[in-house]
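Colleague: The structure is given below, and queries will be raised subsequently.
What follows is calculated from the coordinates using simple rules that are stated; it is not laboratory data. It should be emphasised that the depicted structure is a prediction, and the values quoted were computed from it without experimental measurement. Every residue, glycine as well, gets a Cβ built from its backbone with ideal geometry; the counts of neighbours run over all protein chains shown.
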Amino acid sequence: MKQYKQLFSQFLESPHKHFAAHSHHYWPDVSLKATTDYWQLSKEKVDQKWGEIFGPKLKELRQLISKQLGFKKSEQLVFASSTHELVYRVLSCYFGKKIKILTTDSEFYSFKRQAYRLQEVGAVELIEVPLEPFDNFEERFLQTAQQESHDFVFLSHVFFNSGYVVDLDQTLKELTQNTPPVFIDGYHGFMAVPFDFSKYEDKIFYTAGAYKYAASGEGCCFMYVPSNFTLDPVYTGWFAGFNELSSEFTQVHFPKDAQRFMGSTMDYTPMFRLKAYLSELESKNISLSEIQQYINSLKEFFIENLSRSKYAFLNEDTLLLPPGLCGQFLSFKMATEELCKGAHEQLSKDRIITDYRGCVLRIGFGIYHDQEDLETFFKT
Ligand SMILES: Cc1ncc(COP(=O)(O)O)c(C=O)c1O
């Protein structure tokens with residue numbers, strides 16, 4: 001257990017009791033060297049740095065990410081600074097034709113806001129399946145998929161507002177038998193909930209980023225593009241057209257692989273940070289299932305000790321989901337948003353950092369926590 005903490009010395013020095021690891025993980029020590037490595041490369045190679053970044057550096061990162069997710073075609077991964085950019089680029093493949101998107105009522109704002117706006121201007125129609133009740137979500141989602149015609153499917157692996165983990169095996173097995181592309185928002189699953197996507201890699205899009213459980217900060221997001229998806233984006237960046245740079249062109253051509261979803265000039269320091277962290281986990285033989293097991297033990301310890309909690313609003317009745325059904329955070333549902341805000345403020349006054357969405361207070365764990373850290377909720 002000790003070895004996890006050692007990767008994050010700034011956590012040990014922090015005056016805060018930070019339990020919003022589901023939102024923003026502490027950065028591991030290796031992220032500092034990764035940042036200066038990027039600086040050094042820029043200083044030494046100037047314009048020539050791009051060859052190295054787009055060559056060996058991103059290739060290695062694609063392979064590290066693919067290993068975590070089970071993707072065999074790592075070249076089908078493309079990077080951007082946000083998932084919003086990548087998702088919008090895929091949706092733009094359909095511009096000019098109104099499409100029906102089958103989704104849920106619990107997608108993160110990044111997708112929901114954009115999808116609602118597209119619906120307002122008549123570009124899409126949304127079919128939203130309620131996430132709750134949790135116990136038959138998959139069944140209801142699949143039933144709707146059968147009953148309602150649709151052109152595209154978008155859903156989270158782990159929901160941001162409750163932590164509920166979708167039974168992806170059951171869901172993808174059925175969904176991918178139909179033709180519409182399936183897009184998985186994996187942000188709360190990546191480096192938190194292991195899942196082997198190899199069986200579905202020719203059929204699904206997948207996006208996630210480094211800010212949360214991958215502990216590498218903002219600015220590094222990626223998307224896996226299924227090789228059988230052949231449409232080209234309308235919203236296109238010039239990095240997708242590197243082959244055309246030296247000639248005058250009258251038509252926009254796209255590479256066949258995932259790089260046709262590239263955007264424009266951006267900072268790749270965040271990609272160096274993610275590469276450094278994933279490499280470090282690999283070199284220390286710390287697997288994702290080991291991480292999950294460790295976090296599950298923290299969640300269970302937290303729940304077993306709830307009766308000792310200093311905070312009355314943290315109890316078995318407000319606990320939204322048992323630890324086995326949720327990702328790396330626990331959710332406590334209050335009767336009103338006001339009460340939830342109050343609970344969050346009470347914790348903040350004690351310098352315990354959490355966050356909330358609507359009526360749901362979220363308490364998130366990282367591998368740098370141990371049972372001693374959790375005592376802060378129990379000791380008076
Ligand atoms: C489920 C989910 N998807 C996506 C994002 C991030 O979206 P973006 O990269 O567009 O800022 C988050 C961030 O909190 C999230 O929780």
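Colleague: Once the Cα atoms of helix 288-304 and of the chain are each reduced to a long axis, what angle between those two axes, in degrees from 0 to 90 to the nearest 10, is obtained?
Modeller: 30
Colleague: Something else about it: Out of Ser82, Phe365, Val193, whose Cα points farthest toward the positive end of the dipole of the chain (charges: +1 Lys, Arg; -1 Asp, Glu; placed on Cβ)?
Modeller: So the residue we want is Ser82.
Colleague: Between the range 70-104 and the range 336-380, how far is it from one alpha carbon centroid to the other, in angstrom?
Modeller: 34
Colleague: In deg cm²/dmol and to the nearest 500, what is the mean residue ellipticity at 222 nm of the chain if only DSSP H runs of at least 4 residues count, each as -39500 (n - 2.57), divided by the residue total? Can you show the working numbers first?
Modeller: Values: 13 runs with 131 residues, N = 380.
It comes out at -10000 deg cm²/dmol, rounded to the nearest 500.
Colleague: Given Cα pairs under 8 Å that are at least 6 residues apart, what percent is the relative contact order of the range 1-142?
Modeller: Working: 78 pairs, mean separation 19.6, N = 142.
Reported relative contact order: 14 percent.
Colleague: Can you give the charge dipole size of the range 224-337 about its Cα centre, rounded to the nearest 20 debye, using +1 on the beta carbon of Lys and Arg and -1 on the beta carbon of Asp and Glu? If you can, show how the numbers build up before the last one.
Modeller: Values: 9 positive and 13 negative charges, 47 e Å.
Dipole size: approximately 220 debye.
Colleague: Calculate how steeply helix 30-45 sits against the longest principal axis of the alpha-carbon atoms of the chain, using the helix alpha-carbon long axis, and give the answer as 0 to 90 degrees to the nearest 10.
Modeller: With rounding to tens, the tilt is 30 degrees.
Colleague: Restricting things to alpha carbons, find the Rg to Rh ratio for the chain using the Kirkwood radius for Rh. Could you put the intermediate results ahead of the total?
Modeller: Numbers: Rg = 21.4 Å, Rh = 22.0 Å.
Dividing the radius of gyration by the Kirkwood radius yields 0.98.
Colleague: Filter the chymotrypsin sites (Phe, Trp or Tyr not before Pro) in the range 245-311 down to the DSSP loop ones having no more than 13 other Cβ atoms within 10 Å, then list what survives. Walk me through the intermediate numbers first.
Modeller: Values: sites: Phe249, Phe261, Tyr268, Phe272, Tyr277, Tyr294, Phe301, Phe302, Tyr311; in loops: Phe249, Tyr268, Tyr311.
Within the range 245-311, the qualifying chymotrypsin sites (Phe, Trp or Tyr not before Pro) (loop, at most 13 other Cβ atoms within 10 Å) are Phe249.
Colleague: Using +1 at the C-beta of Lys and Arg and -1 at the C-beta of Asp and Glu, which of Cys326, Tyr211, Gly241 has the Cα lying farthest in the positive direction of the dipole of the chain?
Modeller: Most positive-ward Cα: Gly241.
Colleague: Still on this model: Within 10 Å of each candidate Cβ there may be at most 14 other Cβ atoms; applying that plus a DSSP loop requirement, which trypsin sites (Lys or Arg not before Pro) in the range 1-106 survive? Write down the numbers at each step before the final one.
Modeller: Numbers: sites: Lys2, Lys5, Lys17, Lys33, Lys43, Lys45, Lys49, Lys57, Lys59, Arg62, Lys67, Lys72, Lys73, Arg89, Lys97, Lys98, Lys100; in loops: Lys72, Lys73, Lys97, Lys98.
Counting only loop positions with at most 14 other Cβ atoms within 10 Å, the trypsin sites (Lys or Arg not before Pro) in the range 1-106 are Lys72, Lys97, Lys98.
Colleague: Something else about it: Could you give the length gained on full extension between Gln293 and Gln170, defined as 0.36 nm per residue of separation minus the Cα-Cα distance, in nm? Display every interim value, and only then the final one.
Modeller: Numbers: separation 123, 0.36 × 123 = 44.28 nm, distance 2.23 nm.
Length gained, Gln293 through Gln170: 42.0 nm.
Colleague: Follow-up. Stretched out fully, how many nm does the piece from Val46 to Glu128 gain, at 0.36 nm a residue minus the Cα gap? If you can, show how the numbers build up before the last one.
Modeller: Numbers: separation 82, 0.36 × 82 = 29.52 nm, distance 4.83 nm.
Between Val46 and Glu128, full extension yields 24.7 nm more.
Colleague: While we're looking at this one, here's another question. Strictly over 30 Å apart at the Cα level, which of Lys5/Lys275; Lys275/Lys341; Lys212/Lys333; Lys67/Lys379; Lys299/Lys349; Lys212/Lys379 would you flag in this model? Can you show the working numbers first?
Modeller: Working: Lys5/Lys275 19 Å; Lys275/Lys341 37 Å; Lys212/Lys333 22 Å; Lys67/Lys379 41 Å; Lys299/Lys349 23 Å; Lys212/Lys379 28 Å.
Beyond 30 Å between Cα atoms: Lys275/Lys341; Lys67/Lys379.
Colleague: Compute the long axis of helix 137-147 from its Cα atoms, compare it with the longest principal axis of the Cα atoms of the chain, and write down the angle in degrees, 0 to 90, nearest 10.
Modeller: For 137-147 against the chain, the angle is about 30 degrees.
Colleague: Right, something else. Relative contact order for the range 31-282: what is it in percent, counting Cα pairs under 8 Å that are at least 6 residues apart?
Modeller: Values: 406 pairs, mean separation 68.1, N = 252.
This gives 27 percent for the range 31-282.
Colleague: Taking the square root of 5 times each eigenvalue of the Cα gyration tensor, what semi-axes in Å does the equivalent ellipsoid of the range 13-55 have, largest first? Could you put the intermediate results ahead of the total?
Modeller: On the way: eigenvalues 207, 29, 8 Å².
Whole-Å semi-axes of the equivalent ellipsoid: 32, 12, 6.
Colleague: List the GluC sites (Glu not before Pro) within the range 254-349 that DSSP assigns to loop and that have no more than 10 neighbouring Cβ atoms inside 10 Å.
Modeller: Glu316
Colleague: Any chance you could check the Cα centroid distance between the range 238-277 and the range 31-59 for me, in angstrom?
Modeller: Cα centres, the range 238-277 to the range 31-59: 16 Å.
Colleague: Taking 0.36 nm per intervening residue step and subtracting the Cα-Cα distance, what contour gain separates Asp29 from Lys59 on full extension? Walk me through the numbers on the way to the answer.
Modeller: Values: separation 30, 0.36 × 30 = 10.80 nm, distance 2.29 nm.
In short, 8.5 nm is gained.
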